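The values are calculated or read from the model by the stated rules, or taken from the named source; none is laboratory data. Every value quoted in this text rests on a predicted model; they were computed, and no experiment measured them. Positions of Cβ are generated from backbone atoms using ideal geometry, with glycine treated the same way; all protein chains shown enter the neighbour counts. With ligands, DNA and RNA removed, areas are computed over all heavy atoms of the protein, side chains included. Shrake-Rupley method; radii C 1.70, N 1.55, O 1.52, S 1.80 Å.
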Amino acid sequence: MGRTSDREIRYSDGEAAERDLLAAVRSTADVSLESEELMGKVKDIASHYYLGIGRSTILRCLDLPAESRVLELGAGCGAITRYLGETFASVDAVDASPIRVEIARERCRDLDNVSVLCRDLRNERFDSNYDIVVIIGVLEYAPVFIYPGEAPRDACSRFLQLARSALNENGNLVLAIENRIGLDYWAGAPENHTGKPYDGVHDYPNAGSPVTFTRTELQELLADAGFTHSAFNYCFPDYHYASTILSSTGAEREYYLHNWVGFSLDSPRTTKRHTFNRPLAAKTLGESGLLREFANSFLVVAGRHPVPDAKWVARKYSMKRQRLFRIVTTLFAHPEPFVRKTPLHASPGESRDTEFDRVRLRTEDAGWKPGNLLSFEIEQAALRKDFPDYLSSLIDRYRGELESHYGTGERDAESYPLLSTRSLDAVFANIIQDEDGRWHFVDEEWQTRTEIPIDFMLYRCIRFCLFGHGVSDAQARKMIRSLYPSYNRSRHKKNRALADAFQREIFLDTIDPRVFKGNLLGRIVRNDVVRPCLEKVWRRTPRRFRTMIRRRLL
């Protein structure tokens, strides 16, 4: 690497926030990639971005050689650097901010193969010996902080040329960036860099701001910078914490790829009311073959030589679970479409299945079913005036389908029908409805130790699939009682407690930092004494009240 100037780079999340981050990392014993100890130090949106679990999914989905020598441009506070260090043979990470470099070094302090350097990229020169150059969320800032005197596109092109200069003949660039015309932006979400709604859609009318690109624009920019071949992947809800990644393999409509995408919770900057229903818009785009074009973020692999097509169509990462339950679900197209679930933390020689006190995670391959998720029909029905009547018929049919698919013929002590131990995840979000209206239960990940009463599954499905549509806990009890007149408050309370117990066993138990703004409440939440107590209260708060609190705070 060459020498750099000492000019200061102004990009920062604020000195106080970055000092807090540095203190958090230094006081943490486990700084590994998915450290739950480090996740426990999350106090706000900014710290969640750097310390939260799941930043690595965009790189996990790529089949990159572990023996590679990697250069990361714009390491920030080391969230991606940590993944690179745990995955590849050698990593050089560069950032211009001294305090960010210090944080990244602390995050990688136990990795001898990682070197974090403080450099001003405006004057940097590299030897052309890297196998991979990684640029995650940095290209868009080139016109502001790296080459501020140049036109936005020229500055980005020059930065990409710098990256290309560091690669050997067969090396590849890995780039992640927001889509200028991503679906969330059309729905009214503020532009992630400027904070202004529709700023990218309007092609950044204000000079001096970061810039992003459409797929076509980005492809042309890469080609102009010397990357003659590129392979695009498409991230939902975005590249920061991607839960779903679509490759360029397969037709959107043929594989019903809209079934795979999800959208983030609203952040404190997001408009309170979206201009349209995003899941239904995603379905329309998918059926029209345009979903990838309007993905919220892109993940690109580019080089001088052809980049092999992905062997998979879609990948979905479940990262909000307890460590041993974290998996990637992959849709493959050949030899025939099928779905494979792969644990992210299984040790060599171990069974792919994992069992805890109440549940067992099953990870066997499964067939793929054509059709739309039932969730889309519910989304459409929620826009109609007859939604209450629709729900009544829906729940009645659901009860019948549960008995038909999972009924054991047995009853519990209170005469409620018992369902198979494999029925725990048989909720609306896991039902495919084919063109003839038939239901197919898919994604049967979970198996319980004992058979499940049907009223519990009714409650679980209503709670996790309908509460977001305004159905209250009291209404859920009424709906179940309409099918089973003996269903009472005591039984309902028991079902609620059991649902909470399953959630605690499967999922990480933390407050989503996006709920809290940077005000007095945020400072209270960041207090190390108050936070554990508040998390206990939050866990025991009924879901409908949590929803009300989120809406008030946002």
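Pairs of Cα atoms nearer than 8 Å and 6+ residues apart set the relative contact order; for the chain it is 11 percent. Computed over protein heavy atoms with a 1.4 Å probe, the accessible surface of the chain works out to 45 Å² per residue.
Using a cut-off of 20 Å between Cα atoms, the listed pairs Lys283/Lys385; Lys43/Lys196; Lys311/Lys341; Lys320/Lys493; Lys196/Lys320 include Lys283/Lys385; Lys43/Lys196; Lys320/Lys493; Lys196/Lys320 as exceeding that distance. Rounded to the nearest 20, the Cβ-based charge dipole of the chain about its Cα centre (Lys and Arg +1, Asp and Glu -1) stands at 2320 debye.
Among the GluC sites (Glu not before Pro) in the stretch 150-184, which ones are in a DSSP loop with at most 16 other Cβ atoms within 10 Å of the Cβ? Mind listing them? Here the GluC sites (Glu not before Pro) that fit, given the DSSP loop and packing criteria, are Glu150. Would you tally the net charge around Ile53, using a Cβ to Cβ cut-off of less than 10 Å, leaving Ile53 out, and scoring K and R as +1, D and E as -1? That sum, taken over residues with Cβ under 10 Å, equals +3. What does a probe at Arg438 reach in the stretch 386-400, counting residues whose amide N is under 11 Å from the point 7 Å along Cα→Cβ? Within reach of a label on Arg438, which here means backbone N under 11 Å from a point 7 Å along Cα→Cβ, the stretch 386-400 contributes nothing. Charged side chains reduced to their Cβ positions (Lys and Arg at +1, Asp and Glu at -1) give the stretch 288-330 a dipole of some 360 debye around its Cα centre. Computed on the Cα trace of the stretch 14-162, the radius of gyration divided by the Kirkwood hydrodynamic radius gives Rg/Rh = 0.96.
Residues whose amide H comes within less than 5 Å of that of Arg321, counting only those at least five positions distant or on another chain, are Leu508 (H built at 1.01 Å from N in the peptide plane). What the Cβ-Cβ distance of His334 and Glu377 gives, at R0 = 25 Å and to the nearest 0.05, is a FRET efficiency of 0.25. Each of Gly85, Thr275, Val261 was scored by the projection of its Cα onto the charge dipole of the chain, and the greatest displacement toward the positive side belongs to Thr275; charges sit on the C-beta of Lys, Arg, Asp and Glu. So, R0 is 25 Å and r is the distance between the beta-carbons of Leu324 and Ala413; what FRET efficiency does that work out to, to 0.05? After rounding, the FRET efficiency stands at 0.15. Residue ranges 102-113, 479-490 sort as 102-113, 479-490 when ordered by packing (mean number of other C-beta atoms within 10 Å per residue, highest first). Restricting the GluC sites (Glu not before Pro) of the stretch 433-477 to loop positions (DSSP other than H, G, I, E, B) with no more than 13 neighbouring Cβ atoms within 10 Å leaves Glu435.
Among the trypsin sites (Lys or Arg not before Pro) found in the stretch 124-199, those both in a DSSP coil and sparsely packed, with 12 or fewer other Cβ atoms within 10 Å of their Cβ, are Arg125.
Around the amide H of Gly289, modelled in the peptide plane, lie the amide H atoms of Arg253, all under 5 Å away and 5 or more residues distant in sequence or on another chain. Between Ala251 and Asn488, the modelled labels are 5.8 nm apart [label points 7 Å from Cα along Cα→Cβ].
Once the Cβ-Cβ distance of Asp357 and Glu403 is raised to the sixth power relative to R0 = 41 Å, the FRET efficiency obtained is 0.90. The convex hull defined by the C-alpha atoms of the chain has an orientation-averaged projected area of 26.0 nm².
With the Kirkwood sum run over all distinct C-alpha pairs, the stretch 88-243 has a hydrodynamic radius of 16.8 Å.
At 1.4 Å probe size, with the rest of the protein present, what percent of the exposed accessible area of the chain is carbon and sulfur atoms? C and S fraction of accessible area: 49 percent. Computed with every protein chain present, the accessible area of Thr275 is close to 80 Å² [probe 1.4 Å].
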